[in-house]
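Asker: Got a structure for you, questions after.
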Number of protein chains: 2
Amino acid sequence: MEKTDILAKLPGAFTESALRQEMITHGKFITVNKDDTIVREGQFLDFLPIVITGEIRVFQQKEDREILLYYVREGQTCMMSLSAAYFSQTSTSYGVATKPSEIFVFPTRLVNEWQLKYSSWNAFLIQTFRSRYDELLGSFESVAFDPIDKRLLTYLKNWAQKENSPKIVISHQNLAYELGTTRVVVSRILKGFEQQGKVKLFRGYIQLK
Amino acid sequence: MEKTDILAKLPGAFTESALRQEMITHGKFITVNKDDTIVREGQFLDFLPIVITGEIRVFQQKEDREILLYYVREGQTCMMSLSAAYFSQTSTSYGVATKPSEIFVFPTRLVNEWQLKYSSWNAFLIQTFRSRYDELLGSFESVAFDPIDKRLLTYLKNWAQKENSPKIVISHQNLAYELGTTRVVVSRILKGFEQQGKVKLFRGYIQLK
DNA sequence: AGAAAACGGTATCAAAAGTTACATAACTCA
DNA sequence: TGAGTTATGTAACTTTTGATACCGTTTTCT
């Protein structure tokens, strides 16, 4: 890919042209396939990824259960990597591409350098910390206070809104993973929703009504 | 209190003398009593607090249940306030002093100004975001994956370690609040721990063995 | 001292969620 | 086409947690 093309794909948030030039000079452009693992638990991070296109799912895993933390979408970066960039640490989460994605990666040492030189980079970092924190707080509140059926319905509605379609393409098993529960529980609750007329169930997808 | 005394109490992390001078010039020193509320849910924040002495408990509340997010201790600031300082927002948490405390507060506009001018202030902010994020992530993992008895035991052990004493002075009711459950549940589990010889129960405190 | 509040113990019941097991339908692919 | 895989449905059961109620003891406050 040409450098000018990469430039065009960089989030518009980076206003300083000197910064954009540095990003192109030092960054490395990589593409990943669906289900490729970008970051795994325990991995030492010496790079910071910014998603150009596609989506990375960031989650935690304990034994055979996992739970969704958040998604990294276009123009965003991974909180765990950013964190590790400041204080050399290993990741406590997994990052897996949910679709074919293009990612721009930088050596972590630049994260600090740029912060002092470029205010738009600094704003990007603060914005990232802040929004990831809010997201996590939201998840926390939800797990701490809300019963699973409510969380499940919220998840479905969010999906439908995000995709702008009432057809939610996901298996019960994967829904269970997202919410940190089990397949049987999800099937049971969904069947309840169907009887209440809230959804219609099909193999491989759910129609929100 | 004399300004020189305040200076002496500022966290050593603020290395630039110009910054320390600005903090004294623009900051306001306040003292609060135990159980005083510093921040409440829905409150608009136009100040950033740094705890000089004492401790602030930050928690969430829904109806009559609450759950601990973290403590703000000496030299630390409140994540929610910091967050609000960047993006004018209201707090979604409560902050209550657990003991008589001294707090230094600044107008939020300075938070941004200082970040560009003083690198030690910037490092302080990043460190704050980062450590609060990690704490919240820890709480999240715990709530998502661990049964209450395990969380309770962890809480007791952390307390004992922090205070360097096996005598944990807290009521069952307050333990329940910290963990987001109810008094009866805590009493039941603690009694179980006692029968297993893990603790010894007294009125008003718990002896960890 | 006497009342009120705080603290803790415990029994009983209900609800939520997880576990195990088994069955059927649909899809995939050699 | 037929075997293997994936997706879903559902029953029965257990465990965990929460809700309610009532008790006696200790502390606090007037």
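The values are calculated or read from the model by the stated rules, or taken from the named source; none is laboratory data. Only a predicted model underlies this, so the values are computations on that prediction, with no experimental measurement involved. All Cβ positions, even for glycine, are placed from backbone atoms using ideal geometry, and neighbour counts span all protein chains on display. We work out accessible area using only protein heavy atoms, side chains counted, and drop any ligands, DNA or RNA first. Shrake-Rupley method; radii C 1.70, N 1.55, O 1.52, S 1.80 Å.
Asker: To the nearest 100 Å², how much accessible surface do chains B and A hide from each other in total, with a 1.4 Å probe?
Answerer: 3400 Å²
Asker: For B:122-130, what's the mean count of beta carbons from other chains sitting within 10 Å of each residue's beta carbon?
Answerer: Mean number of neighbouring Cβ atoms from other chains: 5.
Asker: Can you work out the Karplus-derived ³J(HN,Hα) for every residue in the range A:187-200? Use 6.51 cos²θ - 1.76 cosθ + 1.60 with θ = phi - 60°, whole Hz, and x for glycine or proline.
Answerer: 4, 4, 5, 4, 4, x, 4, 5, 5, 7, x, 7, 9, 10
Asker: A further question follows. Looking at chain A as a GNM with Cα springs under 10 Å, which of A:194, A:74, A:102 has the largest mean-square fluctuation?
Answerer: Looking only at A:194, A:74, A:102, the biggest GNM fluctuation is shown by A:194.
Asker: Any chance you could list P(r) for the range A:148-208, counting all Cα-Cα pairs in 5 angstrom bins from zero, rounded to whole %?
Answerer: 4, 20, 34, 31, 10, 1
Asker: Decide, for the protein assembly as shown, between rounded, prolate and oblate: order the square roots of the alpha carbon gyration tensor eigenvalues as a ≥ b ≥ c, take rounded if a/c falls under 1.5, and otherwise choose prolate if a/b is larger than b/c, else oblate.
Answerer: oblate
Asker: Another one. Residue A:99: which lysines have alpha carbons under 20 Å from its alpha carbon, excluding same-chain residues fewer than 8 sequence positions away?
Answerer: Here the lysines satisfying the reach criterion relative to residue A:99 are A:9, A:28, A:34, A:162, A:167.
Asker: What percent does the relative contact order of the range A:3-144 come to when contacts are Cα pairs within less than 8 Å and at least six residues apart? Write out the running numbers ahead of the final one.
Answerer: Numbers: 257 pairs, mean separation 45.2, N = 142.
Value for the range A:3-144: 32 percent.
Asker: Here is a further query. Over all Cα pairs of the range B:96-209, how is the pair count split among 5 Å bins, expressed in % and running from 0 up to the last occupied bin?
Answerer: Cα pair-distance distribution for the range B:96-209, in percent: 2, 9, 15, 18, 15, 11, 9, 9, 6, 4, 2, 0.
Asker: Still on this structure: Using the reciprocal of the averaged 1/r over all distinct C-alpha pairs, how large is the Kirkwood radius of the range B:48-153 in Å?
Answerer: 15.0 Å
Asker: Next question, about the same structure. With Kirkwood's inverse mean 1/r over C-alpha pairs for Rh, give me the Rg to Rh ratio of chain B, two decimals please.
Answerer: We get a ratio of 1.02 for chain B.
Asker: Here's a follow-up. When the Karplus curve 6.51 cos²θ - 1.76 cosθ + 1.60 is applied with θ = phi - 60°, which whole-Hz ³J(HN,Hα) does each residue of the range B:35-44 get, with x for Gly and Pro?
Answerer: With coefficients 6.51, -1.76 and 1.60, one gets 6, 6, 8, 8, 9, 10, 4, x, 6, 7 Hz.
Asker: Show the residues, 5+ positions off or on another chain, whose built amide H is closer than 5 Å to the amide H of residue A:38.
Answerer: Residues meeting the amide H criterion: A:95, A:96, A:97.
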